[in-house]
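Colleague: Could you have a look at this structure, given as structure tokens, before my questions?
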Amino acid sequence: MIRPNRRAALAGLAALLAAPALRRPAAAATAAPLPQLTLWGPPAGPSITLVHAIASGLLRPVADKVVFKAWRTPDELRAGLTSGTMQTFVLPTQSAANLFNKGLGVRLVNVMTNGLLYLLSADPSLTSVAALKGRSVAIPFRNDTPEYVFRRLLAAERLMADGDVALQFTGTPMEAIQLLATGRADTALLPEPAASAAILRAGMAGKTVTRVLDIQQSWGAATGLATVLPQAGLGVSAAFLAEHPASVEALHDALAKATVSVNADPARAANDAAAPLGLPWPVIEQAIPHSNLVAQRASAVREPMEAVFRALAEFDPKIIGGALPATDFYL
């Protein structure tokens, strides 16, 4: 494995961070590899698995050529699903349920992370949700998973958003990092690898920023559920599933192997993912141990997912499209 030297890696990090912001078929069917497959994913933890699977050749049984493309905002994802240009994609499980209930034909193959949200701050005393009263929180992606989860945590402490805690919404995680770094927000709610990027950026500026709250742990305390958030997974369009069921099965199996490899060798996976995700490898390498990467079939973890969906729906049923998704949502 060839790595960039330390000076080059840190230079790349500085440049980046200085910017403003399935169910198995009854028979073990197999199919010839597809000519080409495009995997869409966010610039977040599960996409590390996708890119590593491509780089390590684990997807050769699925397609002769596999391309990774990043979607950057929830609106971009929804547009791709509505137009049919995205057929295999990683997305938040809550978004998948919502889109399924709206008739967009999304099916969830698996869960690829059990939660990768953290609250970061330069103030080490902010170690509870209750301690955030009178403070501000920068949150990327309005009307999406980070906001919904955080509002549920505030409600458990009887805190009012914008009354007791000021929410500052940003278009991207990097913009939230900017607010935190410049002192315009007391805290930032970030997914990995943006959380690791914020910590490294602060260190380069001679400041200390830490993960003051593990949101997965806070979720368990607030809801009485397990301290995991089955937060994102691989989805497929109904049309792709109908046409290529064996390929969907092979794709899940390949990602399960890739997940084991990523967790076992974060340095190698980070080297694979740096260019496709547009992040320096030190950021990705540090993020992997905090990303809770898994590859669990959606049907096998339906119960904990539904528990999360119910907890979110207590706050607002529209978050999941008004109801729990039907059985055929979970592959």
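The values are calculated or read from the model by the stated rules, or taken from the named source; none is laboratory data. No experiment lies behind these values; they were computed from the predicted model shown. Because the Cβ atoms are built from the backbone with ideal geometry, glycine has one as well, and the counts that use them run over all protein chains shown. In case anyone asks, the SASA skips ligands and DNA or RNA and just uses the protein heavy atoms, side chains included. Shrake-Rupley method; radii C 1.70, N 1.55, O 1.52, S 1.80 Å.
Colleague: Which listed residue (Gly183, Phe329, Ala307) has the Cα farthest towards the positive end of the charge dipole for the chain, taking +1 on Lys and Arg C-beta and -1 on Asp and Glu C-beta about the Cα centre?
Modeller: Gly183
Colleague: Right, here's the next one. Magnitude of the Cβ-charge dipole of the chain, K/R +1 and D/E -1, about the Cα centre, nearest 20 debye?
Modeller: Dipole size: approximately 400 debye.
Colleague: Quick check on the chain: helices-only [θ] at 222 nm, where DSSP H runs of length 4 and up contribute -39,500 (n - 2.57) each and the sum goes over total residues. Nearest 500, please.
Modeller: One gets -13000 deg cm²/dmol as the mean residue ellipticity at 222 nm.
Colleague: Something else: Could you list the residues of region 140-178 with an amide nitrogen less than 19 Å from a label point located 7 Å from the Cα of Thr82 in the Cα-to-C-beta direction?
Modeller: It comes to 141-145, nothing else.
Colleague: With a 10 Å radius around each residue's Cβ, average the other Cβ atoms per peptide and rank 160-169, 45-54, highest first.
Modeller: 45-54, 160-169
Colleague: Can you list the lysines whose alpha carbon sits under 30 Å from that of Lys318, skipping same-chain ones fewer than 8 residues off?
Modeller: Lys69, Lys102, Lys133
Colleague: Quick check: residue separation of Ala166 and Asp316 times 0.36 nm, minus the Cα distance between them. What number comes out in nm?
Modeller: Answer, rounded to one decimal: 52.0 nm.
Colleague: A further question follows. Heavy atoms only, probe 1.4 Å: what % of the accessible area of region 250-331 goes to carbon and sulfur, would you let me know?
Modeller: Carbon-and-sulfur percentage of accessible area, whole number: 55.
Colleague: Turning to a different aspect of this structure: Please compute the net charge surrounding Ala295, taking Lys and Arg as +1 and Asp and Glu as -1 over other residues with Cβ under 12 Å from its Cβ.
Modeller: Net charge around Ala295: +1.
Colleague: For region 105-147, how big is the tail of P(r) above 13 Å, as a whole percent of Cα pairs?
Modeller: 70
Colleague: Please list, in order, the residues from region 70-91 whose amide nitrogen is less than 12 Å from a point placed 7 Å along the Cα→Cβ vector of Lys102.
Modeller: Output list for this probe position: 74-83.
Colleague: Hey, could you get me the Stokes-Einstein D for region 71-132, Kirkwood radius over alpha-carbon pairs, 37 °C and 0.692 mPa s, rounded to whole µm² s⁻¹?
Modeller: 232
Colleague: Taking only protein heavy atoms and a 1.4 Å probe, what accessible area per residue, in Å², does region 212-331 have with all protein chains in place?
Modeller: 38
Colleague: What does the charge add up to near Ala323, with Lys and Arg as +1, Asp and Glu as -1, over the other residues with Cβ less than 12 Å from its Cβ?
Modeller: Net of charged neighbours comes to +2.
Colleague: For region 158-316, calculate the relative contact order in percent as a whole number, restricting contacts to Cα pairs under 8 Å that are 6 or more residues apart.
Modeller: Averaging sequence separation for qualifying contacts and normalising by length gives 21 percent for region 158-316.
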